[in-house]
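S.K.: This is the structure I want to talk about, given as structure tokens.
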Amino acid sequence: MPRVREIAATTSGMPATDGDGVRMTRIIGTPELNMLDPFLLLDCFESDQPQDYIGGFPSHPHRGFETVTYLLAGRMRHKDNAGNEGVIEPGGVQWMTAGRGIVHSEMPEQEDGLLRGFQLWVNLPARAKMTAPGYQEFPPSQTPLETREDGTEIRVIAGTTDLGTEGAVRNDYVRPTYFDVTLPAGATFEQSVGEDDNAFLFVIDGELAVGERRQRLGRRLLGILGTGGRVAAHTDEGARFLLVSAQPLREPVARGGPFVMNTRDEIVQAFDDYRHNRF
Ligand code: FE
């Protein structure tokens, strides 16, 4: 029987402002948790105050990794320099492979009300950092939702559940598992994961008891999981959480704002290419 993963560390992240004054919580990509290979960044935005999000993320570049935008509430419109455009809705996902370069904007498609969601940055292996940019975009109707007998609901963004539900996203490089799990009161969730994957849980609502030790993980906390082939989480009162997991790349990481490469020189090159309109 594979070992059940226990919580190795927790973080609540820190308040951050990005784009044109968008207020959010940065959970991965902070001094406390710089990265969890291959995950470079996790931002959680949640506000019903328009001034917290209305500025959005005007035109900006990316190179060398993938961004995954997943919304729980509200709507975001994206547009890029290759002519792609679309609106992301709750339960829908946009998986963007920035590859060698993209210039895009991500703007709220609403003037008031709640905007709540996540952006995750997934690193690309060195061999794929300069690949052609690409998108995978799925509305909620095309993002599989697994419903279990005990009332558990799993929105499968990427990866495959133990019951065989396959995520919408097809990924050529890193192949993460990315589930949004809603557990009714008294339910236990179990899922097999790669023994050496880096994996985390992030509690959206409620509280979890994680692993065989049933360690408590409260709302808005990220729990980094230790090694093992199985994830187990129980809830007494009901909970909603993300499970994200992937094999680490174990390659050097050089960061420069919106670019993530393997070396300093490649970052300098990225800024130069962007300045000279080579994106
Ligand atoms: Fe962006």
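S.K.: If Ala209 satisfies every condition in (1) surrounded by fewer than 18 Cβ atoms within 10 Å (Cβ to Cβ); (2) of a type in the set (Gly, Ala, Ser); (3) farther than 23 Å from Pro2 by Cβ; (4) without any contact (Cβ under 8 Å) to a residue 40 or more places away in the chain but one, which is the exception?
M.R.: Failed condition: (3).
S.K.: May I pose another question? Residues of region 172-194 being more than 11 Å from Ala233 (Cα to Cα), of a type outside the set (S, T, N, Q) and modelled with pLDDT of 95 or more, which ones?
M.R.: Across region 172-194, the qualifying residues are Pro176, Tyr178, Phe179, Asp180, Pro184, Ala185, Val193, Gly194.
S.K.: Within region 18-35, is even one residue of a type in the set (D, E, K, R), within 13 Å of the ligand (Cβ to nearest atom) and buried (at least 21 other Cβ atoms within 10 Å of the Cβ)?
M.R.: No, region 18-35 contains no residue that is of a type in the set (D, E, K, R), within 13 Å of the ligand (Cβ to nearest atom) and buried (at least 21 other Cβ atoms within 10 Å of the Cβ).
S.K.: Anything in region 100-125 that is under 17 Å from the mean Cα position of the chain (by Cα) and either crowded, with 20+ Cβ neighbours inside 10 Å or within 11 Å of the ligand (Cβ to nearest atom) (or both)? List them, or say none.
M.R.: Glu106, Leu115, Gly117, Phe118, Gln119, Leu120, Trp121, Val122, Asn123, Leu124
S.K.: Mind checking which residues of region 38-64 are within 13 Å of the ligand (Cβ to nearest atom), surrounded by fewer than 24 Cβ atoms within 10 Å (Cβ to Cβ) and in a loop (DSSP other than H, G, I, E, B)?
M.R.: Hit for region 38-64 is Gly56, nothing else.
S.K.: Got at least one residue in region 130-147 being of a type in the set (Gly, Ala, Ser), in contact with a helix residue (DSSP H, G or I) (Cβ under 7 Å, 6 or more places away or on another chain) and within 16 Å of the ligand (Cβ to nearest atom)?
M.R.: There is no residue in region 130-147 that is of a type in the set (Gly, Ala, Ser), in contact with a helix residue (DSSP H, G or I) (Cβ under 7 Å, 6 or more places away or on another chain) and within 16 Å of the ligand (Cβ to nearest atom).
S.K.: Taking region 145-192 as the region of interest, how many residues are surrounded by 14 or more Cβ atoms within 10 Å (Cβ to Cβ), of a type outside the set (Ser, Thr, Tyr), under 17 Å from the mean Cα position of the chain (by Cα) and part of a loop (DSSP other than H, G, I, E, B)?
M.R.: 8
S.K.: Would you be able to tell me the number of residues in region 177-212 that are out of contact with any Pro (no Cβ under 6 Å at 6 or more places or on another chain), among the polar types (S, T, N, Q) and within 15 Å of Phe39 (Cβ to Cβ)?
M.R.: Selection size over region 177-212: 1.
S.K.: Out of the residues in region 1-37 that are acidic (Asp, Glu) and in a loop (DSSP other than H, G, I, E, B), which is nearest to the chain's Cα centre (by Cα)?
M.R.: Taking the candidates together, the pick is Asp37.
S.K.: Taking Arg127 as the residue in question, decide whether it is basic (Lys, Arg), under 21 Å from Arg63 (Cβ atoms) and modelled with pLDDT of 95 or more.
M.R.: Here the answer is yes, as Arg127 does meet what is asked.
S.K.: Give me a count of the residues in region 181-204 that are among the charged types (D, E, K, R) and in contact with a Gly (Cβ under 8 Å, 6 or more places away or on another chain).
M.R.: Residues flagged as among the charged types (D, E, K, R) and in contact with a Gly (Cβ under 8 Å, 6 or more places away or on another chain) within region 181-204 amount to 1.
S.K.: Of the conditions (1) of a type outside the set (Asp, Glu); (2) within 16 Å of the ligand (Cβ to nearest atom); (3) without any contact (Cβ under 8 Å) to a residue 60 or more places away in the chain, Gly83 satisfies every one except a single condition; which number is it?
M.R.: Condition not satisfied by Gly83: (2).
S.K.: Counting just the residues of region 233-279 that are in contact with a helix residue (DSSP H, G or I) (Cβ under 7 Å, 6 or more places away or on another chain) and either under 30 Å from Val156 (Cα atoms) or free of Cβ contacts under 8 Å to residues at least 12 places away in the same chain (or both), which one comes out farthest from the ligand (Cβ to nearest atom)?
M.R.: Among residues in region 233-279 that are in contact with a helix residue (DSSP H, G or I) (Cβ under 7 Å, 6 or more places away or on another chain) and either under 30 Å from Val156 (Cα atoms) or free of Cβ contacts under 8 Å to residues at least 12 places away in the same chain (or both), the one farthest from the ligand (Cβ to nearest atom) is Glu251.
The values are calculated or read from the model by the stated rules, or taken from the named source; none is laboratory data. Treat the numbers as computed from the prediction; the structure is a model and nothing was measured. Glycine also receives a Cβ, built like all others from the backbone with ideal geometry; neighbour counts cover every protein chain displayed.
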